[in-house]
Amino acid sequence: MALHDILEKIKQTAQTEIEQLNKSFDQKKEDLEKSYESALSQMTEEEQKKAESRINKIKEAAKNEGDMEVKNQTLKAKREIIGEIINDAIEKASTADNYEELLTQLLKKAQLNSATVIPAKGKENETKKAIEKSEVKYDLSSESKNIKGGFILKSEKVEIDNSFETLIGNQLKPLLEIELNKLLFS
């Protein structure tokens with residue numbers, strides 16, 4: 001799914017939710033107005049002014065509540081789409097043809113004197129080859145982690161999470177949120 005299609009999906013979802021919330025708001029507003037109009041016809045002029053003031057406050061509160069609900073639904077939709085994009089990116093990185101090369105580059109950048117590499121479950125062979133290619137003095141752990149791709153680098157003093165879930169999730173998510181906000185709200 002292309003970024004443009006994802007953004008269109010967010011816009012459509014948000015617009016549908018906005019329309020539904022506006023309809024609901026309009027119906028509640030109309031019901032309140034009818035109720036107060038019948039009550040107003042039976043009140044004195046002073047009581048009518050007080051009631052009208054209360055009506056205006058209620059309308060304003062309802063409008064504010066509706067606006068907040070629209071914002072919350074839009075934010076929720078954006079977060080869901082961003083989550084889907086991140087999961088898709090993790091999946092693609094984990095099954096990439098150059099997976100071994102990705103691991104090799106990550107291992108070279110780690111800069112630890114000695115450590116143990118805990119591979120992703122099912123990716124032990126690719127991780128072993130990446131260690132050999134990177135020419136670092138790391139050992140391959142006999143255990144593996146239930147991660148989609150990448151590895152955990154563990155030394156006596158530190159543990160570095162180089163799982164794709166962490167790397168992509170921590171780096172890609174903020175960038176996507178910024179871009180979506182620019183495209184949707186500017």
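Looking at the structure I just gave you, is E19 without any contact (Cβ under 8 Å) to a residue 60 or more places away in the chain and either assigned to a loop (DSSP other than H, G, I, E, B) or within 25 Å of the chain's Cα centre (by Cα) (or both)?
yes
Taking only segment 73-130 into account, find how many residues are in contact (Cβ under 8 Å) with a residue 60 or more places away in the chain, over 30 Å from L21 (Cα atoms) and in contact with a Lys or Arg (Cβ under 7 Å, 6 or more places away or on another chain).
Number of matching residues: 2.
Output the qualifying pairs, or none if there are none: Cβ atoms under 6 angstrom, residues six or more apart or on different chains, first residue in segment 131-153 and basic (K, R), second residue surrounded by 13 or more Cβ atoms within 10 Å (Cβ to Cβ).
The qualifying pairs are K133/T104; K145/I118; K145/I152; K148/I90; K148/S94; K148/F164.
Can you tell which of E60, E91, E101 is closer than 30 Å to S38 by Cβ and modelled with pLDDT of 85 or more?
E60
Six or more apart or on different chains, Cβ atoms under 7 Å: show the pairs whose first residue is in segment 43-55 and within 16 Å of E33 (Cβ to Cβ) and whose second is in a helix (DSSP H, G or I).
M43/A51; Q48/L40; A51/Y36; A51/A39; A51/L40; I55/Y36
I'd like to know if segment 64-72 contains one or more residues that are of a type outside the set (A, V, I, L, M, F, W, C), farther than 30 Å from E8 by Cα and exposed (fewer than 12 other Cβ atoms within 10 Å of the Cβ).
The answer is no, given that none of the residues of segment 64-72 is of a type outside the set (A, V, I, L, M, F, W, C), farther than 30 Å from E8 by Cα and exposed (fewer than 12 other Cβ atoms within 10 Å of the Cβ).
The values are calculated or read from the model by the stated rules, or taken from the named source; none is laboratory data. The structure presented is a predicted model; accordingly, all values stated were derived computationally and were not measured. Every residue, glycine among them, receives a Cβ derived from its backbone with ideal geometry; neighbour counts consider all protein chains shown.
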